[in-house]
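The values are calculated or read from the model by the stated rules, or taken from the named source; none is laboratory data. All figures in this text were calculated on a predicted structure; none of them were measured in a lab. Here the Cβ positions follow ideal geometry from the backbone for every residue, glycine too, while neighbour counts run over all protein chains shown. These area figures cover heavy atoms from the full protein model, side chains too; ligands, DNA and RNA do not enter into them. Shrake-Rupley method; radii C 1.70, N 1.55, O 1.52, S 1.80 Å.
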Amino acid sequence: MKEIIIPYKGLLPDGCQTELRAQRNSTRKVSMLQGNLVGNSRADGAGVSARVCKNGVYGFASEADLSADAAGRVLRSAADNAIFMDGRIGKGLAARPAIPYANIDSGITYSDTEQKEFIEFMKEIDEYIASKEKLISRRVIIFTESREKYLITSDGAEASLCIPRSYVNFLMTAEGPDGSPIDMYSPIGGFGNFKERFKDPSALFPAIDRCHKKLMDKCSGVYAEAGLKTVIIGGSLGGMLAHEAVGHTVEADLVIGGSVAGKNLGREVASPLVSLTDFANTAFGKQAPLPVFADDEGTPAVDAPIIKDGILVGYMHNRETAQRFGVAPCGNARAFAYNDEPLIRMRNTAIHPGKDKIEDMIASVDDGYYLIDTGNGQADNTGEFMFGITMGYEIKHGKLGRAILDTTISGVAFEMLKTVDMVSDKISWEDCGYCGKKQPMPVGLGGPELRCKVMMGGR
């Protein structure tokens, strides 16, 4: 990809801010049901794209052709489109502030794996799951993907980027007390190539044991009581809250569109115990789950503080909105495929850990719930959210009780976060899914346990 793009480094259009990108996306998926292979697929997409900004108006073009000739064609087309749109719209805006020259190489490469290696790995996992009691169905899925990019800009930026992800997912189903099926799903994996993350199937056996125990607990579970309850939200659920109910409201394009965060900058939106950051490539002294070193506008990626000690302190920006708000961009403009334009997207959004021990948090609750896993969630620009709860336990007199069956929680993020009065000292990350803002995007999300009040959906 570098050989395709670099010859154009000195030929980008004069008087326009330009990005030229080559990209290859690869996915592999193998699935097994009841020990039988039921899915075995691979998909690859590659091409080039260019985006040109003239007087505040964009022109974009792409081709599904990874070649130097295609790079030249999309560059000319994008410039023509920008000139045409500028003549019709005439924003007449000043050029965006130049980004200091950056030559960024993530140092990460993608390594493919043969399908038969996936299948052999899965067989051992499936055999172990099959040994578990009371299962009526089992499924194992291996999924890998990679997004490789090479990017240059008219500001002199040059970036070689790659984000590979690898997962082994398993779904177990048992029969509930009323005869209905009860599921427990567990994704294992994250950033990196398959052979780097998964060397021995037996290393996953403890995770399978934990998943099976949750399922057995749930089979004798009870329905939660509906109403406003004191709860402890698990780390992955806190991460979902940070992403869906807070993160989207502070993306600057949605702020301009009228999100609740627009009127709350500089105001208290959470308990003083709550801080939240969209991390670029490191978090709390370690590599972030999905490290981003530069975005698709060539901006070097740095952390974007969102909430500090309960106060909303910032938004996430691309270069255009950063110029509008008079701040420096942090590298949040991301594109999923070669033919996607960069949008303001999250990277690794998390609430910071606190000082409390989870044991003390549970002991502090007389009558409530410990909510651990979520299967889905949604929120709108007001910060109002609803999340599905797939695993949780009662808390009675400071001790964990029976598991609860699937339910929901709901509320308004900036109001619910004000009720947080304890924050655990450990953080949990999730990075197995996609964010769906106009185009999919792999993201990381995380958080510590939070003690707060939230509306439970009950049965």
For this session: State, to one decimal in nm, how far the label point of ASP14 lies from the label point of SER111, with both points 7 Å from Cα in the Cβ direction.
Result: 4.8 nm
For this session: Identify, among ALA328, PRO353, VAL365, the residue whose Cα sits farthest towards the positive end of the charge dipole of the range 311-366, taking +1 on the Cβ of Lys and Arg and -1 on the Cβ of Asp and Glu, with the dipole about the Cα centre.
Result: ALA328
Exercise. Going by average Cβ neighbours within 10 Å, how do the peptides 300-306, 443-449, 87-93, 49-55 rank, with the highest at the top?
Worked result: 443-449, 49-55, 300-306, 87-93
For this session: Run the accessible area of the chain with a 1.4 Å probe and give the carbon-and-sulfur part as a rounded percent.
Result: 50 percent
Seminar exercise, completed: For the table LYS9/LYS438; LYS357/LYS418; LYS263/LYS308; LYS218/LYS453; LYS229/LYS308; LYS132/LYS396, the rows whose alpha-carbon distance is greater than 28 Å are LYS9/LYS438; LYS132/LYS396
For this session: Enumerate the amide H contacts of ILE395 below 5 Å, restricted to partners 5 or more residues apart or on another chain; note that Pro and chain-start residues carry no placed amide H.
Result: GLY368, TYR369, TYR370, GLY401
For this session: Excluding PRO440 itself, calculate the net charge of residues whose Cβ lies under 13 Å from the Cβ of PRO440, where each Lys or Arg counts +1 and each Asp or Glu counts -1.
Result: +4
For this session: Subtract the Cα-Cα distance of GLU268 and ASP217 from 0.36 nm times their separation in residues, and report this length gain in nm to one decimal.
Result: 14.4 nm
Exercise. Could you give the accessible area per residue of the chain, probe 1.4 Å, as a whole number in Å²?
Worked result: 42 Å²
For this session: Any aspartates and glutamates with Cα under 16 Å of the LYS355 Cα? List them, leaving off those in the same chain fewer than 8 positions away.
Result: ASP309, ASP421, ASP425, GLU449
Exercise. Alpha carbon centre of the range 69-145 versus the range 346-421: separation in Å?
Worked result: 31 Å
Problem set entry | Spin-label model distance (nm) - SER180 vs GLU384, 7 Å beyond Cα toward Cβ | 2.6 nm
Problem set entry | Value at 222 nm in deg cm²/dmol, rounded to 500, when DSSP H runs of n ≥ 4 in the chain each add -39,500 (n - 2.57) | -5500 deg cm²/dmol
Problem set entry | Given charges at Cβ of Lys, Arg, Asp, Glu: the chain dipole, positive-most of VAL140, MET316, GLY258 | GLY258
Seminar exercise, completed: Plugging the Cβ-Cβ distance of GLU359 and ASP44 into 1/(1 + (r/R0)^6) at R0 = 35 Å yields, to the nearest 0.05, a FRET efficiency of 0.15
Seminar exercise, completed: Between ILE311 and ASN169, the two model label points (7 Å from Cα along the beta-carbon direction) sit apart by a distance in nm of 4.2 nm
Problem set entry | Dipole-positive endmost among PRO448, LEU215, TYR128 within the chain (Cβ charges, Cα centre) | PRO448
